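Student: Encoded as structure tokens, here's the structure I'll be asking about.
Read-outs: derived from the displayed coordinates by stated rules, not from any lab. These numbers were taken from a predicted model, which means no experiment stands behind them. Note that each Cβ is placed from the backbone with ideal geometry, even for glycine, and that neighbours are counted across all protein chains shown.
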Amino acid sequence: MSFIKPRADSIFGVHNPLGIKLLCRLRIGLSHLREHKFKHGFLDSLDPICVCGQGIETTAHYFLHCGLFDFTRTTLFNSIRGINPDILNRTDIDITKLLLYGDPNFTMNTNKIILESSIEFLINTKRFDCCLF
């Protein structure tokens, strides 16, 4: 019997074990975010609504819209805007994918900067500091 092994998504040489763990949890949809926990039936998540009250706490909401993280988001956006000023003119889905996976059209170094900036955001928001369960 053979097992299906999913394609590995690159981390572009980033060396941050905690950050990579958090990034991977977001990539697979099993993180501390309320939408993820609600979908998987966690007892502490009776609904997927973000505590900010502005919508469902999806990965895109967390990265792009949650009012609880505006200051930290400014730092994130400033770091990736320096790569390409038009980078934030993409759709929410495309920006979220960029923050999680990088972009195959960019160099390895540019993708490393993007993922390191995403990880810095994940850590600095302290959203994932508590236990997952």
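Student: Tell me, what HN-Hα J-couplings in whole Hz come from the Karplus equation 6.51 cos²θ - 1.76 cosθ + 1.60 at θ = phi - 60° for each residue of the range 101-106, using x for Gly and Pro?
Tutor: My calculation for the range 101-106 gives 10, x, 9, x, 7, 9 Hz in order.
Student: Would you kindly calculate the translational diffusion coefficient of the chain, applying Stokes-Einstein with the Kirkwood radius from alpha carbon pairs, for 37 °C and a viscosity of 0.692 mPa s, and quote it in µm² s⁻¹ without decimals? Walk me through the numbers on the way to the answer.
Tutor: Working: Rh = 15.6 Å.
Answer from the Stokes-Einstein relation: 211 µm²/s.
Student: Please find the FRET efficiency linking Phe71 to Asp129, where r is the Cβ-Cβ separation and R0 is fixed at 25 Å, and quote it to the nearest 0.05. Intermediate results must be reported in sequence, preceding the final value.
Tutor: Numbers: r = 17 Å, r/R0 = 0.68.
After rounding, the FRET efficiency stands at 0.90.
Student: Could you compute the FRET efficiency for Asn105 and Ile56, with r as their C-beta to C-beta distance and R0 at 35 Å, rounded to 0.05? If you can, show how the numbers build up before the last one.
Tutor: Numbers: r = 30 Å, r/R0 = 0.86.
Given R0 = 35 Å and the Cβ-Cβ separation, E is 0.70.
Student: Based only on the alpha carbon positions, what is the Kirkwood hydrodynamic radius of the range 92-133, in angstrom? Numbers along the way, then the final one.
Tutor: Working: mean 1/r = 0.0887 Å⁻¹.
That comes to 11.3 Å for the range 92-133.
Student: Taking amide H atoms as placed 1.01 Å from N in the peptide plane, list the residues 5 or more away in sequence, or in a different chain, whose amide H sits under 5 Å from that of Ile56.
Tutor: So Ile56 has HN proximity to Cys50.
Student: On to the next question. Sum up the lysine pairs in the chain that clear both bars: alpha-carbon distance under 24 Å and a spacing of 8 or more or different chains.
Tutor: Lysine pairs meeting both conditions in the chain amount to 15.
Student: Would you work out which of His36, Cys24, Leu68 lies farthest towards the positive end of the dipole of the chain, given +1 charges on the beta-carbon of Lys and Arg and -1 on that of Asp and Glu, about the Cα centre?
Tutor: Positive-most Cα among the choices belongs to Cys24.
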